[in-house]
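Read through the structure below, which is laid out as structure tokens, and then see the notes.
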């Protein structure tokens, strides 16, 4: 039986389909509009997948502040439709979620655990939290919170992630201003995809934090990108307040991954090693 992957045109969805090979049922935006309840239930019930991995999401964090309805339809309502399909098929659901749920102004610098209090700030985070609540209505769920994804793009698409943005800007600039007071764990998509597929071999349903290992702020991540690529670049530090984005960002959303690793799944490498693997794979 096949595993259905919504959002198959995005970097995580595409990578999952690549790793699944013939076992994938890729559902990109053209093939399935996840905000259309009748289309979701009809297609999936007819296909009878052995599992559904939901990578479809509204991820424009700042635009979500104005496009609230669009964000809620994709990040929350769509999950409810997938849960309905899962009930009819009796198959597991993987709901990919986000570190943005830990937007608390707390000064704690301890990695966030799965049962730590949530503090979703901004409409992107709030609608993703609503999606988690809907996913929990189906007992056979895996909620996978992750952070700072980067990886290869689907064929015919340009890669759109922080690493590529830094390398692109470096082509015609000699200095960049990068936020230094937001800490997370950049995560290489193939490692996350491998972990998600491992979870589906278990029946240990629940919420998991899955990222690469370690933590860094965006300024430090940018510095490591340029160090590993040997590019000279002056990086000026700025604060979140100076960056002045429309939507709030977590100040510290490094995730504690011990619960995932206790299951014995594939190891998640250190974030610096993961970056080196990505840069080697992309070539230049």
> Yes or no: residue 13 assigned to a helix (DSSP H, G or I), under 27 Å from residue 250 (Cα atoms) and either in contact with a helix residue (DSSP H, G or I) (Cβ under 6 Å, 6 or more places away or on another chain) or at pLDDT 95 or above (or both)?
Replying inline: yes
> If you scan the range 79-93, which residues turn out to be free of Cβ contacts under 8 Å to residues at least 60 places away in the same chain and assigned to a helix (DSSP H, G or I)?
Replying inline: 79, 80, 81, 83, 84, 85, 86, 87, 88, 89
> Do we have residue 175 as more than 22 Å from residue 103 (Cα to Cα) and within 17 Å of the chain's Cα centre (by Cα) here?
Replying inline: no
>> Condition first: closer than 30 Å to residue 136 by Cα and within 21 Å of the chain's Cα centre (by Cα). Can you find one or more residues in the range 215-237 that meet it?
In response: yes
> at pLDDT 95 or above, closer than 26 Å to residue 215 by Cα, surrounded by fewer than 21 Cβ atoms within 10 Å (Cβ to Cβ) and in contact with a helix residue (DSSP H, G or I) (Cβ under 7 Å, 6 or more places away or on another chain): does that describe residue 88?
Replying inline: no
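Please pick out the residue among 191, 219, 261, 209 that is out of contact with any helix residue (DSSP H, G or I) (no Cβ under 9 Å at 6 or more places or on another chain) and either surrounded by fewer than 18 Cβ atoms within 10 Å (Cβ to Cβ) or under 21 Å from residue 97 (Cα atoms) (or both). Before the answer, list the steps.
On the way: 191 fails: out of contact with any helix residue (DSSP H, G or I) (no Cβ under 9 Å at 6 or more places or on another chain); 219 fails: either surrounded by fewer than 18 Cβ atoms within 10 Å (Cβ to Cβ) or under 21 Å from residue 97 (Cα atoms) (or both); 209 fails: out of contact with any helix residue (DSSP H, G or I) (no Cβ under 9 Å at 6 or more places or on another chain).
That would be 261, the only listed residue that is out of contact with any helix residue (DSSP H, G or I) (no Cβ under 9 Å at 6 or more places or on another chain) and either surrounded by fewer than 18 Cβ atoms within 10 Å (Cβ to Cβ) or under 21 Å from residue 97 (Cα atoms) (or both).
Assess whether residue 49 counts as being surrounded by 15 or more Cβ atoms within 10 Å (Cβ to Cβ) and not in a loop (DSSP other than H, G, I, E, B).
No.
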> Are there any pairs with C-beta distances below 7 angstrom linking a residue in the range 135-149 that is within 15 Å of residue 125 (Cα to Cα) to a residue that is part of a loop (DSSP other than H, G, I, E, B), with the two at least 6 apart or on different chains, and if so which?
Replying inline: 144/210; 146/210; 146/211; 147/185; 147/211; 147/253; 148/185; 148/186
> When residue 19 is evaluated against the numbered criteria (1) assigned to a loop (DSSP other than H, G, I, E, B); (2) out of contact with any strand residue (DSSP E or B) (no Cβ under 6 Å at 6 or more places or on another chain); (3) closer than 24 Å to residue 255 by Cβ, which criterion, by number, is the only one it fails?
Replying inline: (1)
>> Anything in the range 25-46 that is crowded, with 17+ Cβ neighbours inside 10 Å and either under 19 Å from residue 141 (Cβ atoms) or in contact with a strand residue (DSSP E or B) (Cβ under 6 Å, 6 or more places away or on another chain) (or both)? List them, or say none.
In response: 25, 26, 27, 34, 40, 41, 44
> So which residues in the range 26-49 are within 22 Å of the chain's Cα centre (by Cα), touching a residue at least 24 places away in the same chain (Cβ under 8 Å) and over 22 Å from residue 149 (Cα atoms), if there are any at all?
Replying inline: 32, 35, 40
>> Here's a check for you: in the range 239-253, which residue that is buried (at least 16 other Cβ atoms within 10 Å of the Cβ) and touching a helix residue (DSSP H, G or I) at 6+ places or on another chain (Cβ under 8 Å) is farthest from residue 173 (Cα to Cα)?
In response: 253
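The values are calculated or read from the model by the stated rules, or taken from the named source; none is laboratory data. Just so it is clear, the model here is predicted, and its values are computed rather than measured. Please note: Cβ atoms are built from the backbone with ideal geometry, for glycine as well, and neighbour counts cover all protein chains shown.
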